[in-house]
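**Q** Please find one structure pasted underneath; my questions will follow.
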C-alpha cells in the first residue's frame with residue numbers, strides 16, 4: 001500500500017501545487033518540504049534577520065496555499081512563482097521595518113567621552129562641539145528635520161506630519177540639512 005505522502009513526493013511541482021489547491025494535507029506538507037530551503041534562503045538573504053525570515057517564509061507558504069488555485073503554469077514555473085511571492089513579502093517586510101527611535105538622553109550618553117583615554121575624550125568632545133556648532137548654523141526647519149530623523153528615528157512621512165508639511169518638503173528639508181551639515185563639518189576640519 002502506497003502512503004499518500006509518498007505518492008505526492010513523486011508528483012511534478014505543477015501537479016503537487018494542484019493537489020495543494022484541492023486541500024490535500026499531505027500535498028501541503030510535501031510542498032513545504034520541497035521548497036522550504038529555497039524560500040527561507042531567499043527570505044534571509046533579503047531581510048537579514050532569522051526570525052523575520054521565518055515569518056516571511058511562513059507567509060509565503062500561506063499565500064501560495066491560498067492562491068494555489070489561481071496558479072497559471074504558462075506564466076511561470078511553480079518555483080519561480082513561489083520565489084516571487086517570497087521576494088515580494090520580504091521586500092514588504094524590509095520596508096515596514098524601520099529603526100526604533102532613540103531616546104535623546106541615550107544618544108547623548110553614546111556621544112559622550114569614551115573610556116578613560118584623555119586624548120580620545122578630547123577628540124570626542126571636540127567632534128561633539130563641532131557638530132553642535134554646525135547644527136546651530138542650519139535653518140530651524142532643517143535642524144528639526146535632521147534631529148527628528150537621526151536622533152528620533154522618524155521617517156520623512158512622520159517628519160512631514162509632525163511639521164505639518166507635505167512629504168516632499170520634509171525630504172527636501174532633511175536632504176538640504178544633511179548636505180549643509182556635512183559641508184559645515186568638513187570645512188571646520190580643514191581649518
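**Q** Assign one of three labels to the range 4-96, namely rounded, prolate or oblate, based on the Cα gyration tensor with a ≥ b ≥ c the square roots of its eigenvalues; rounded applies when a/c is under 1.5, prolate when it is not and a/b is larger than b/c, and oblate otherwise.
**A** Details: a/c = 2.23, a/b = 1.71, b/c = 1.30.
Prolate.
**Q** Pairs of Cα atoms under 8 Å, at least six residues apart: use those to get the relative contact order of the range 43-89, whole percent.
**A** Numbers: 23 pairs, mean separation 22.2, N = 47.
The normalised contact order for the range 43-89 reaches 47 percent.
**Q** Continuing with the same structure: What ranking do 67-80, 156-169 get when scored by the average of other Cβ atoms within 10 Å per residue, highest first? Spell out each step's value before the answer.
**A** Values: 67-80: 12.4, 156-169: 14.8.
Most protected by this proxy first, the peptides run 156-169, 67-80.
**Q** Between residue 183 and residue 151, what's the calculated FRET efficiency when r is the beta-carbon distance and R0 is 25 Å? Round to 0.05. Before the final figure, lay out each step's value.
**A** Details: r = 20 Å, r/R0 = 0.81.
The pair residue 183/residue 151 has a calculated efficiency of 0.80.
**Q** A further question follows. Quick check: pseudo-label points 7 Å beyond the Cα along Cα→Cβ at residue 38 and residue 163, how many nm apart are they?
**A** Taking the two extended label points, one gets 4.6 nm.
Computed from the coordinates by the stated procedures, all read-outs in this text should not be read as laboratory data. Keep in mind it's a predicted model, so treat the numbers as computed, not measured. Glycine also receives a Cβ, built like all others from the backbone with ideal geometry; neighbour counts cover every protein chain displayed.
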